[in-house]
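A short write-up of the structure that comes next.
Nothing in this text is a laboratory measurement; each read-out follows from the coordinates by a stated rule. Given the structure is predicted, the values throughout are model-derived calculations rather than measurements. Glycine gets a Cβ as well: all are built from the backbone with ideal geometry, and neighbour counts include every protein chain shown.
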Amino acid sequence: MATITIRQGDSDTLTETITGLSSLSGYTAKLYIYSGRKQLAKISGIISGLTIAYSIVNESSKLWATGDYTYETKIFDSSDHVYTPSSGQFIISETINKDPS
């Protein structure tokens, strides 16, 4: 993942494939989104093999203000092994209709 862009109020699933480890067994994955040093969101990832899926839901993203943020993903285990596989810019762009119902 590099730059991530979503529309305010949209749902999305972001996937990440981990390299450099033979297994993610025993690991936990999180996606953190920041505005400066303030945490906007923390999303738990679902691990399947060496792939992690992070689900962004409408209920959360419709509350986020449009703008440029930063993100990082972290994987860690109970032995305090921590890795940051990706980080970058997270953009929330404006949408005209947040709830099309």
How do K42, K74 rank when sorted from fewest to most other Cβ atoms within 10 Å of their own Cβ? K42, K74
For R7, R37, which order do you get if you count the other beta carbons within 10 Å of each Cβ and list the fewest first? R37, R7
Bounding extents of the chain in its principal axis frame from Cα atoms, largest first in Å, are 44, 29, 21
